[in-house]
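Enquirer: Following this message is one structure expressed as C-alpha cells.
The numbers here are math on the coordinates, done by the rules we state, and not lab data. As the structure is a computational prediction, the values presented were derived from the model and not from experiment. Virtual Cβ from ideal backbone geometry, glycine too; neighbours counted across all protein chains shown.
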Amino acid sequence: MYQYRITKYDPDLRDASGHYPADAWTSRSDIGRSFGGVHLTEEDYLRVEQAYLDAASAFLAEAGIDTLTIRDLENHGRAAHAPREGSRIRAEDVPEVVRSLLREDFWCRLEAASAFIHVGYDYYMYIGTPVEAGAAVAVAQSNGLFVETFASPYATNET
C-alpha cells in the first residue's frame with residue numbers, strides 16, 4: 001500500500017524532529033484570528049478545506065475505490081449528521097464526511113480493504129491506496145497542499 005500525508009504545511013519548515021514550528025491555524029475555530037501576521041478569513045479557510053476534499057476525491061478516483069467504511073466512530077459532541085459505525089460511504093459522499101472530520105464534528109477512520117483516509121489533529125490527512133497516485137498528488141499540489149510519503153499513525157493491523 002502507498003501511504004501519504006497531505007497537509008497545508010510546507011515540510012521544508014519542519015524542525016529536526018519533524019514538528020512544524022510556524023504559527024499556523026489548525027482548526028475551523030481559528031477563523032477570525034491572526035497567524036504569522038495573516039488574518040484567517042472564512043474564505044481562506046474554505047479554500048484550504050476544499051483543497052483537502054478535492055485531494056481525497058482524487059486519491060480515491062485514481063485508485064478506483066468506490067466505498068469506504070466508517071471505523072471507530074467517536075461522536076462525543078453528538079453531531080446529528082455523523083454516520084453510523086460500520087456504515088459504507090460511497091466515494092462521492094466521502095468529501096462531506098472528510099469535511100466534518102476536518103471541522104472536528106466527530107472522528108472516525110474511513111477504510112476499505114485496500115485504502116483508507118484518516119484525518120488527524122491539526123489538519124493532517126493521511127491517505128493509503130493500492131496504487132501510486134501520481135495524478136492525485138498533482139491535484140493536491142496544484143491546490144497548494146503538500147504531499148509526503150508517510151505512514152498513517154491511525155493505521156491498525158487491519159489497515
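Enquirer: Let me check the size of the range 1-97 from its C-alpha atoms; what are the radius of gyration and Dmax in Å?
Expert: Cα-based Rg and Dmax for the range 1-97 come out at 16.3, 43 Å.
Enquirer: A further question follows. Each residue of the range 124-130 in turn: what ³J(HN,Hα) in whole Hz from Karplus with 6.51, -1.76, 1.60 and θ = phi - 60°, glycine and Pro shown as x?
Expert: 9, 10, 10, 10, x, 9, x
Enquirer: At a threshold of 8 angstrom on Cα-Cα distance, excluding pairs fewer than six apart, so keeping six or more, what relative contact order does the range 86-135 reach in percent?
Expert: Details: 39 pairs, mean separation 10.7, N = 50.
Reported as a whole number, the value is 21 percent.
Enquirer: Can I ask one more? Could you work out [θ]222 nm for the chain from helices alone, using -39500 (n - 2.57) per DSSP H run of at least four and dividing by all its residues? Round to the nearest 500 deg cm²/dmol.
Expert: -8000 deg cm²/dmol
Enquirer: Roughly what would the spin-label model give for T149 and A22, points 7 Å off Cα along C-beta, in nm?
Expert: About 2.4 nm, to one decimal.
Enquirer: Over all directions, the average projected area of the alpha-carbon convex hull for the range 18-159 comes to how many nm²?
Expert: Mean shadow area of the hull around the Cα atoms is 8.8 nm².
Enquirer: Of A135, P11, T156, which is farthest along the charge dipole of the chain in the positive direction, counting Lys and Arg as +1 and Asp and Glu as -1 at C-beta?
Expert: So the residue furthest toward the plus end is T156.
Enquirer: Which stretch or stretches of the range 99-116 have amide N atoms under 15 Å from the point lying 7 Å from T156's Cα along the Cα→Cβ direction?
Expert: Those under the cut-off are 107-116.
Enquirer: Go ahead and run the numbers for FRET between D72 and A135, Cβ-Cβ distance against an R0 of 41 Å, rounding to 0.05.
Expert: Between D72 and A135 the formula returns 0.85.
Enquirer: Between the range 49-94 and the range 99-115, what's the alpha-carbon centroid distance in Å?
Expert: 5
Enquirer: Here's a follow-up. About the Cα centre of the chain, how large is the charge dipole given +1 on each Lys and Arg Cβ and -1 on each Asp and Glu Cβ? Please answer in debye to the nearest 20.
Expert: Computed about the Cα centre, the dipole is about 260 debye.
Enquirer: For the range 43-93, calculate the relative contact order in percent as a whole number, restricting contacts to Cα pairs under 8 Å that are 6 or more residues apart.
Expert: 38
Enquirer: Measure off 7 Å from each Cα along the Cα-to-Cβ vector at L13 and D44, then give the distance between these two points in nanometres to one decimal.
Expert: Placing both labels 7 Å along Cα→Cβ, they lie 1.1 nm apart.
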